[in-house]
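The values are calculated or read from the model by the stated rules, or taken from the named source; none is laboratory data. Predicted, not measured: the structure shown is a model, and the values here were computed from it. Note: ideal-geometry Cβ built from the backbone for every residue, glycine included; neighbour counts use all protein chains shown. For the accessible areas, the whole protein counts, side chains as well, though only heavy atoms, and no ligand, DNA or RNA atoms are used. Shrake-Rupley method; radii C 1.70, N 1.55, O 1.52, S 1.80 Å.
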Amino acid sequence: MKRFFLTTAIDYVNSRPHLGTAYEKVCADVIARYKRLAGFDTRFLMGDDEHSQNVYKQAIEQSLDPLAYCDQMEQVFRTAWRHLDVSFDDFIRTTEPRHRTGTTYLAQRIYDAGDIYEGVYEGWYCVSCEEFKQEKDLVDGNCPLHPTLKPEWIREKNYFFRLSKYQQPLLDHFRDHPEFMQPDTRRNEILRLIEGGLVDISMSRAGQSWGIPLPWDPSSVVYVWFDALINYASAVGLGAPEDTGRQMFERWWPADLHIVGKDITRFHAVFWPAMLMSAKLPVPRQVFGHGFMTINGQRMSKTLGTIIDPIEAANRLGVDPLRLYLVKEVSFGGDGDFSWERFDERYNVDLANNLGNLVSRVSAMAARYRSGAVRPTGARSDQLVRIAEQVVADYRRAMDAFMLHEGAAAAYRLIDATNEFIAATAPWTLAKDPASADRLTEVLFDAAEAIRLAAVLLAPIMPASSREILRRVGVSAEGLTLDRDGRWRADGERVLAQEGPLWPRKEQTIVTDNQTQAPSTPAPGTTPGTAAPGTPAPQSSDRISIDDFMKVEMRVAKVLAAERVPKSNKLLKLQVDAGTEHRTLVAGIAEAYEPDALVGKTVVIVFNLKPAKLMGIESNGMVLAASPDGGQPRVVTFEDPPPPGSRVR
Ligand SMILES: [Zn+2]
């Protein structure tokens, strides 16, 4: 079996996990789960970085033994990752004996190779960064990252790693392995840095007790950055004396993928491979530098009050909704933004109204028309099957390239297609005609099968929800494999469970994009909410100017959900996706349309109507419909639907 070894950065334990650290772990977890699904023997490593002077100081400030402090923080981190359903196989702490073994071993090998020499370092040092700073890096004499903290002038004995010697070998490596550093933008940054010339770097600190002593000079400890990088190899048995440790190292090293933040790519793509080259050990196959999460467009910072606790975020709407947001709303490798409003909005659109509603509708129709049990009749719906096959191929391609957002989008294309399939086949109409009995059974089976397939594709992103959906469509979630379960299957009866909504709608305030949108002006003389039948056509003398017309903003919108308004024969309550937001509106079309028949349809709405209350429901906009004399209203739709939000004029 092919193996896949991936790691995340290990976390400094002097502060608690936040949404930014959680973002990295969740994305890594999605990759780990995908690799397992794709049949790889997968090892997923995470851990804590404990040999930091800041950690030491933090512990002393709290009157704790540093190790006892790290023990406490380990629980804080493990609890957060468990809560977010992060499925690491191993968790390393740099104070563990196995890490001391690996670090001592690697440092000695590099020393023996002649790549470590003694010198004196004299210069500025930022305690918070735990980094020596050159004069040119300082702003007004201060560290740009810690402007309120005076850097210290330090003169001490240091051992230096001969990084300069590895400039050419690194350039060769980058040339021969273009995949080594990804995405390409970061690869280019790092290449420029190497081409600009590499200077030898300090790899030890003198006169400190917190750290791993140098094997050849125990009066100094290994510098924390040098120590931390080695965790990836010490976790799989680097330097372990016994046979089992060596076998483990041979099985798992080199790592296939290091996932790290863009701020530490230079450590992982320059220093770390140089250290391994010096020790004559294989270098990792790939380093992936992900972007940062901002909160409402601002960087996460304690002073700005923009730190979000990932557990709090998960508790608001659920772990899986948070995981889906992090994966689907951010293109992996780029920066992303989080806001509570956007989180609520995506939850309603992607989960409550779309996937959750689809599962409910199909199981409700299966219950109503077939007592919950559906089976293939042999006349499967070829177009839906073709879309499903294309989606699986796109999904695999995206996930293999770690384009996680595109993988999620592919799964959602299948969900959208299934909604459209139901709108087009209209099971509620088939149910009225006994001659269509087989067709109805097949349509319900095919819809359930498409849901099953989408749930398999979403399993790495939303593991618990995927299991629940699979249970509801009557299949097992045990031991999923992409080869077996990631294709269209028409194998026998499925018993669907009709239960409560997977994701109840979250009522929210409407989010408008103030930056790009002028305040809406209501069109004069219109009745909000419904297309009133029988309105007389304007006389030519009543003709309006183009300016008047342009005041009416009409937009393409996609119906996400529809239900009858209680105690009304005429009104339907609709949820629509209008591109930049989704809206609730009330339309007087209940006599002409079954609610189910509207879901998935693309319609036209008047977007800038003042809200109006109809039967106690606030309607935000109006659905356009034709109103033939004496006939029932007919909603304006498209043969070839444009994307929601497109302007109609
Ligand atoms: Zn600093």
Exercise. Spit out the partnerless Cys residues in the chain, using Cβ distances under 4.7 Å as the pairing rule.
Key: CYS27, CYS70
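For the chain, what is the percent of antiparallel DSSP beta bridges, rounded to the nearest 5?
Just about 70 percent of them are antiparallel.
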Exercise. Subtract the Cα-Cα distance of LEU193 and SER568 from 0.36 nm times their separation in residues, and report this length gain in nm to one decimal.
Key: 128.1 nm
Quiz prompt | Environment charge of PRO642, counting only residues whose C-beta is closer than 12 Å and scoring Lys/Arg +1, Asp/Glu -1 | solution = +1
Practice problem: Quickly work out the GLU507-to-THR429 label distance, labels modelled 7 Å from Cα along the C-beta direction, and quote it in nm with one decimal. | Solution: 3.6 nm
Quiz item: With the contact rule set at Cα under 8 Å and sequence spacing of 6 or more, what percent relative contact order holds for region 545-624?
Solution: 32 percent
Practice problem: Give me the accessible area of SER164, 1.4 Å probe, in Å² rounded to the nearest 10. | Solution: 50 Å²
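Within region 161-240, what whole-number % of the accessible surface is contributed by carbon and sulfur, with the 1.4 Å probe and all protein chains included in the calculation?
That share works out to 52 percent.
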Quiz item: What trypsin sites (Lys or Arg not before Pro) in region 231-300 are in a loop by DSSP, with at most 16 other Cβ atoms within 10 Å of the Cβ?
Solution: LYS280, ARG285
Self-check item: Relative contact order [Cα under 8 Å, 6+ residues apart], the chain, whole percent
Solution: 11 percent
Quiz item: Carbon and sulfur atoms: what percent of the 1.4 Å accessible area of region 321-437 do they account for?
Solution: 48 percent
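Within the set of other residues whose C-beta is less than 14 Å from the C-beta of ALA80, count the net charge using Lys and Arg as +1 and Asp and Glu as -1.
Details: positive: ARG16, LYS25, ARG78, ARG82, ARG323; negative: ASP11, GLU24, ASP29, ASP48, GLU74, ASP85, ASP309, GLU312.
Net of charged neighbours comes to -3.
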Quiz item: Carbon and sulfur atoms: what percent of the 1.4 Å accessible area of region 568-625 do they account for?
Solution: 46 percent
Practice problem: Report, to two decimal places, the Cα Rg of region 131-266 normalised by 2.2 N^0.38 Å (N = number of residues). | Solution: 1.25
Self-check item: Where trypsin sites (Lys or Arg not before Pro) fall in DSSP loop in region 535-626, at most 16 other Cβ within 10 Å
Solution: ARG543, LYS551, LYS567
Exercise. Please report the relative contact order for region 103-247, taking Cα pairs under 8 Å with a sequence separation of at least 6, and give it as a percent rounded to a whole number.
Key: 23 percent
Quiz prompt | For the chain, accessible area per residue (1.4 Å probe, heavy atoms of protein chains only), Å² | solution = 44 Å²
Quiz item: Using Cα atoms only, what is the angle between the long axis of helix 243-252 and the major principal axis of the chain, expressed in degrees (0 to 90) to the nearest 10?
Solution: 50 degrees
Quiz prompt | Environment charge of PRO460, counting only residues whose C-beta is closer than 14 Å and scoring Lys/Arg +1, Asp/Glu -1 | solution = +2
